[in-house]
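Below: the structure, in structure tokens.
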Amino acid sequence: MQAARIPSSDECSTYLATAIRAAEAAGTVLLDCAKSGFRIDYKAAINLVTDADRQAEECIVCTILSAHPSHRILAEERGQDGSTDSPYQWIIDPLDGTTNFAHGFPFYSVSIGLEYRGECIVGVVLDPVRRELFTGIVGEGAYLNGQRLYVSPIDTLERSLLVTGFAYNIRETADNNLDHFSRISLRAQAIRRTGSAALDLCYVASGRFDGYWEVKLSPWDMAAGIVMVREAGGVVSGFSTDHFSLYAQELVATNGRIHHQLLDAIHQRTDQGRPA
Ligand code: IPD
Ligand code: CA
Ligand code: CA
């Protein structure tokens, strides 16, 4: 059997250019909707979706499929398009931070990742409000508006600024992250909850945060951001270090130096390995 061919650097650059075009177009849609108004629908009690989510997604999918018609798409609002057996799958969150957006809180993003045979090889996250474009290609580094990114040098949890989030089913399940949040609050320097997982990951990559965890993420929340964290020198895992899957919901992403300390805190272990 022939070994799978890894996409060349030139191919990855082409895919990155497509993702940037798509993210910029979607960013314009989001800013226009923020200005002109939009309709809000409810998927569940506290889970919103707006016209802006749908229009931005349409725009991203059109841009990608007109450049790469044989590729597969997994997008938050339309789900999976299983019509081809391409090894490429674009994983799209057209508006990460919908609740923020709907309330006029200016912290949200467009997130586009490209998965090739199960590995995320390209990521683009755009914060249209601040004009911050995060880009990454596997093996080639992560960048913010063209400036190379590196994770922070902080090496203790006590000195770390962490970030986390809560899923929309927070009221329906005990596995809602509130236990981790209250416990880790007493061990970290501080914790933030921004409302955009994709930007949380990019902020870990750029050293603005030292670590991030969440318990119920979807692949589109993480696909692009994990490329940024890894390429900036950070570490991405599930709640144990031996396995990470985009489809397993749990994510811990850090500068690497505090990774085990954050895992210990999540598992209620002390630094000496004893239960806290
Ligand atoms: C949400 C945000 C939030 C995270 C939630 C996600 P959405 O995505 O990323 O930060 O805590 O788990 O569902 O719904 O705004 O695209
Ligand atoms: Ca999301
Ligand atoms: Ca979304």
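The values are calculated or read from the model by the stated rules, or taken from the named source; none is laboratory data. Predicted, not measured: the structure shown is a model, and the values here were computed from it. Please note: Cβ atoms are built from the backbone with ideal geometry, for glycine as well, and neighbour counts cover all protein chains shown.
The numbered conditions (1) modelled with pLDDT under 95; (2) within 15 Å of ligand 3 (Cβ to nearest atom); (3) closer than 15 Å to Ile226 by Cβ are all true for Gly118 except (2).
Restricted to region 182-218, and to residues that are of a type in the set (S, T, N, Q) and more than 7 Å from ligand 1 (Cβ to nearest atom), which residue is surrounded by the most Cβ atoms within 10 Å (Cβ to Cβ)? Let's see the steps before the verdict.
Within region 182-218, the subset of a type in the set (S, T, N, Q) is 182, 185, 189, 194, 196, 206, 218.
Applying the additional criterion that residues be more than 7 Å from ligand 1 (Cβ to nearest atom) yields 182, 185, 189, 206.
Working: Ser182: 10, Ser185: 13, Gln189: 13, Ser206: 22.
Checking each candidate, the answer is Ser206.
Hey, Leu199 hits all of (1) more than 11 Å from the chain's Cα centre (by Cα); (2) modelled with pLDDT of 95 or more but one; which does it fall short on? That leaves (1) as the condition not met.
Residues are listed down the side, and each one gets a yes or a no for (1) touching a residue at least 60 places away in the same chain (Cβ under 8 Å); (2) in contact with a helix residue (DSSP H, G or I) (Cβ under 8 Å, 6 or more places away or on another chain):
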residue: Glu11; (1), (2): no, no
residue: Leu31; (1), (2): yes, no
residue: Arg39; (1), (2): no, yes
residue: Ala45; (1), (2): yes, no
residue: Thr50; (1), (2): no, yes
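State whether one or more residues within region 258-268 are assigned to a loop (DSSP other than H, G, I, E, B) and either hydrophobic (A, V, I, L, M, F, W, C) or crowded, with 18+ Cβ neighbours inside 10 Å (or both). Yes. In region 150-166, the qualifying residues are those that are within 26 Å of Phe105 (Cα to Cα) and crowded, with 19+ Cβ neighbours inside 10 Å, and the one that is farthest from ligand 1 (Cβ to nearest atom) is Ser160. Within region 1-38, restricting attention to residues that are over 19 Å from Ala75 (Cβ atoms) and basic (Lys, Arg), the residue that is modelled with the lowest pLDDT is Arg5. Which count do you get for residues in region 219-252 that are within 15 Å of ligand 1 (Cβ to nearest atom) and free of Cβ contacts under 8 Å to residues at least 12 places away in the same chain? Of the residues in region 219-252, 1 are within 15 Å of ligand 1 (Cβ to nearest atom) and free of Cβ contacts under 8 Å to residues at least 12 places away in the same chain. Among the residues making up region 62-89, those that are touching a residue at least 24 places away in the same chain (Cβ under 8 Å) and within 16 Å of ligand 1 (Cβ to nearest atom) are Leu74, Ala75, Glu76, Glu77. Of the helices (runs of 4 or more DSSP H) lying entirely inside region 96-209, those containing at least 3 residues that are outside the structural domain of Asp32 (by TED's automatic domain parsing) are 178-185, 197-205.
Could you list all residues from region 210-238 that are within 16 Å of ligand 3 (Cβ to nearest atom), in contact with a Leu (Cβ under 7 Å, 6 or more places away or on another chain) and not in a helix (DSSP H, G or I)? Across region 210-238, the qualifying residues are Glu214, Leu217. For the criterion of being of a type outside the set (A, V, I, L, M, F, W, C) and either over 17 Å from Lys216 (Cβ atoms) or under 18 Å from the mean Cα position of the chain (by Cα) (or both), Thr194 passes.
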